Amino acid sequence: MSRQLGFILRRLLLTIPMLFVMSVVVFLIIRLVPGDPVRTMLGFRATDANVAELRHRLGLDQSLLDQYLGWAGALLRGDLGKDIVSHAPLAQLLAQRLPVTFELTGLSMLLAVLVGVPLGVRAATGGRWVKRLTEAFVIFGISVPDFWLGIMLVLIFAGTLVILPPSGYVPFATDPVGNLRYMVLPVLTLATGEAAYILRTTRGAVGSVMNRPFITFLRAKGIGTRRIIFGHALRNAGPSIVTVIGIQVGVLLGGAIIIETMFALPGVGRLVVTGINQRNYPTVQVGILAIATIFIVVSLITDLIVAWLDPRVADGGGT
Amino acid sequence: MTSTANPPAKSLEVGAPRRAPSRFILLGSLILAFLALVAIAAPLIAPHDPESVDVHRVLGAPDLQHPFGSDVLGRDVASRIIYGLRASLLVSVSAVLASLILAVPLGLLAGYFGRWVDSTISRTLDLILVFPAMLLAVTFIAILGPGSVIAALAIAVIYLPILARVMRTSTLIVARNDYVAGSRARGASHLRVLVTHVAPNAFGPVIVQASVLSAFALQLEAGLSFLGLGTQPPTPSLGGMLADGREVLIQAPWVEIFPGLVIVIAVLGFTFLGEGLRRIFDPRGVGE
């Protein structure tokens with residue numbers, strides 16, 4: 001148990017340098033812009049006084065170290081700065097946008113797991129036709145870009161069948177049914193590719209466990225296939241599946257950048273894309289910071305779950 | 001001369017139906033050769049000028065003159081796809097090549113010399129792997145501004161750690177062979193050993209990985225252009241075409257269906273080629 005605790009502590013400590021490096025990268029975004037970022041942000045009609053004012057407000061007239069310390073200190077106090085287009089506080093903007101991104105990625109991952117894991121188990125243990133069909137699904141899911149799949153889904157469900165809205169958003173608190181109706185197509189779009197990856201991993205992990213001697217032994221003891229799969233094979237395949245789910249959260253967050261833009265969902269991803277097009281650097285920084293932080297936290301949780309499922313990981317070994 | 005006992009072939013697709021590698025390679029190469037030919041011969045085979053606007057043909061349905069119809073500005077969709085394919089392939093393939101050029105020497109050095117050389121190279125590259133690919137690409141573009149060259153550069157940086165890691169693992173395995181030690185014992189320099197013995201034998205898995213990554217690069221490029229962050233208009237790109245047609249999807253689905261289908265076919269080409277090559281050059285699954 002103490003080894004487990006040691007692992008948890010070490011893993012928690014590792015998060016600190018990750019967050020630090022990420023914060024430096026995000027901090028540098030605005031400083032690495034070729035030319036004068038303040039001029040780029042304000043456009044060429046801005047007066048010198050405007051430029052000087054914004055430069056001072058963003059702290060760009062100080063030394064790089066002072067700038068970083070000031071910026072990171074403000075972040076830790078919850079002061080994320082202001083959007084330079086709407087002048088709204090970014091903390092408030094983020095608070096409005098994050099729930100949308102959480103809902104989109106959370107529901108997509110849930111659907112992908114609910115489809116991918118059972119199909120993966122079936123693919124590893126089923127007959128020839130099951131294997132062929134699941135393989136076709138994997139190739140489809142991996143090869144079809146999510147944004148094109150989204151367009152085709154809109155064409156079918158909003159264009160031809162007219163049973164779902166093509167794009168838009170209402171908050172869940174205002175209209176739960178309407179909210180879910182808007183979420184169906186984006187979630188289906190994001191979940192399909194993810195389900196394919198999870199299916200492939202589950203198939204591989206369960207398949208290799210099924211070849212191990214202890215499974216043959218369980219079979220010889222007369223234990224039923226169902227119990228072997230769910231009681232033993234899946235339990236042993238768990239760590240690999242959870243690891244891939246953790247990695248895929250990153251892919252989902254990246255995909256959300258496209259899908260939110262496509263379905264006009266007011267999430268963090270869309271905030272970043274609009275920010276880039278408007279040269280609204282403080283907003284871009286905060287958006288990227290939020291997405292990267294979510295990913296780092298999810299990686300941490302994933303590693304802890306894997307260590308709990310397979311205590312050998314905490315000993316430095318593991319599957 | 002090479003390693004004596006190869007471990008049993010380990011397919012990454014455990015439990016998947018097994019097919020001969022040659023069929024995958026054949027299918028993948030045929031698709032890619034066809035698409036490459038179309039992209040290279042674009043000026044010769046495109047039926048119309050991809051950028052010429054025709055007010056009488058706005059959202060025209062497919063017919064004999066315009067097999068894939070025309071778009072919001074009356075431009076011929078087929079011609080735009082042919083040129084767009086050119087841009088998309090150019091960006092994704094050159095990105096992966098640029099990544100390879102850096103990754104191969106880095107991976108070789110890390111795997112061959114080990115110790116601090118390895119830890120310096122590996123730890124530095126690991127920093128890139130911490131972030132999701134799309135987020136990295138967007139961050140890169142946030143700094144340097146949108147455009148196809150920047151998009152290619154971003155994709156190259158994203159895949160650098162993946163390719164370097166595969167090259168490193170592969171080098172580690174090859175460097176353990178007796179013929180490498182033998183060559184050193186006969187007085188060959190490190191450079192000579194690396195170039196004549198290690199590199200040629202360690203190259204297989206990284207080529208496989210490069211083919212697989214090209215499929216992802218193509219999707220990433222299309223995604224970035226779709227967001228308006230990759231190839232810039234008026235230059236046609238497959239992702240950009242999908243973005244342009246979004247508003248008229250229901251009235252004129254051909255504007256969206258055909259460019260997307262071409263992306264899917266190209267991605268399938270790289271995926272098949274990569275899978276076929278994997279079964280020949282990377283039976284140990286180093287690239288996984």
Along each principal axis, Cα extent of the protein assembly as shown, largest first, Å: 72, 66, 60
note: region B:21-281, Cα-Cα separations exceeding 35 Å make up a percent value of 27 percent
Taking a probe of 1.4 Å and leaving out DNA, RNA and ligands, chain B shows per residue an accessible area in Å² of 45 Å²
With only helices counted (DSSP H, runs n ≥ 4, each -39500 (n - 2.57)), the per-residue ellipticity at 222 nm for the protein assembly as shown, to the nearest 500, works out to -23500 deg cm²/dmol
Roughly how big is the B-A contact, given as buried accessible area in Å² (both sides, 1.4 Å probe, nearest 100)? 3800 Å²
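Relative contact order for chain A: what is it in percent, counting Cα pairs under 8 Å that are at least 6 residues apart?
Once normalised by length, the contact order is 26 percent.
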Roughly how many debye, to the nearest 20, is the charge dipole of region B:102-197 about its Cα centre, given +1 on each Lys and Arg Cβ, -1 on each Asp and Glu Cβ, and no other charges? 340 debye
At q = 0.26 Å⁻¹, base-10 log of I(q)/I(0) for region A:154-220 (Debye sum, equal scatterers on each alpha carbon): -1.04
Keeping all protein chains in place, calculate the accessible area per residue for chain A (probe 1.4 angstrom), answer in Å². 48 Å²
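Once a ≥ b ≥ c are taken as the square roots of the eigenvalues of the Cα gyration tensor of region B:134-288, is the result rounded (a/c under 1.5), prolate (a/b larger than b/c) or oblate (a/b not larger than b/c)?
It comes out prolate by the Cα gyration axes.
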Residues along region A:223-255 losing 10 Å² or more of accessible surface when the other protein chains are present rather than the chain by itself (probe 1.4 Å): A:Gly250, A:Gly254
Helix A:64-76 versus the longest principal axis of chain A: what is the Cα-based angle in degrees, 0 to 90, to the nearest 10? 60 degrees
Taking a quarter of the surface of the Cα convex hull of region A:96-147, what do you get in nm²? 4.1 nm²
Would you work out which of B:Val212, B:Leu26, B:Ser119 lies farthest towards the positive end of the dipole of chain B? Charges go on Cβ: Lys and Arg +1, Asp and Glu -1. B:Ser119
Measure out, as a whole number of angstrom, how far apart the alpha-carbon centroids of region A:94-116 and region B:207-254 sit. 24 Å
Stretchable slack from A:Ala88 to A:Thr225, in nm (0.36 nm times residue separation minus alpha-carbon distance): 43.4 nm
Relative contact order, percent, of chain B when contacts are C-alpha pairs under 8 Å separated by at least 6 residues? 29 percent
For region A:102-245 (alpha-carbon point model, no solvent) the Debye-based log₁₀ I(q)/I(0) at q = 0.10, 0.14, 0.19 Å⁻¹ works out to -0.44, -0.73, -1.06
So which residues of region B:110-140 lose at least 20 Å² of accessible area, probe 1.4 Å, when you go from the chain by itself to every protein chain present? B:Leu127, B:Val130, B:Phe131, B:Pro132, B:Met134, B:Leu135, B:Val138, B:Thr139
Carbon/sulfur fraction of accessible area - the protein assembly as shown, other protein chains in place, 1.4 Å, %: 67 percent
Taking only Cα atoms, what is the 0 to 90° angle, nearest 10, from helix B:199-226's long axis to the longest principal axis of chain B? 30 degrees
Give the separation of the Cα centroids, region A:238-274 to region A:281-315, in Å. 13 Å
Size of charge dipole - region B:21-281 - debye, nearest 20, with Cβ of Lys, Arg +1 and Asp, Glu -1, no other charges: 1400 debye
For chain A, just the Cα atoms, rotate onto the principal axes and tell me the three extents in Å, largest first. 83, 59, 36
Just give the residues from region B:215-264 buried by at least 50 square angstrom of accessible area in the all-chains context relative to the isolated chain, probe 1.4 Å, and say none if nothing qualifies. B:Gln219, B:Phe226, B:Leu227, B:Arg246, B:Leu249, B:Ile250, B:Val264
What size of dipole, in debye to the nearest 20, comes out for the protein assembly as shown about its Cα centre when the only charges are +1 on Lys and Arg C-beta atoms and -1 on Asp and Glu C-beta atoms? 2600 debye
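The values are calculated or read from the model by the stated rules, or taken from the named source; none is laboratory data. No experiment lies behind these values; they were computed from the predicted model shown. Every residue, glycine as well, gets a Cβ built from its backbone with ideal geometry; the counts of neighbours run over all protein chains shown. Side chains are part of the model used for accessible areas, which takes the heavy atoms of the whole protein and leaves out ligands, DNA and RNA. Shrake-Rupley method; radii C 1.70, N 1.55, O 1.52, S 1.80 Å.
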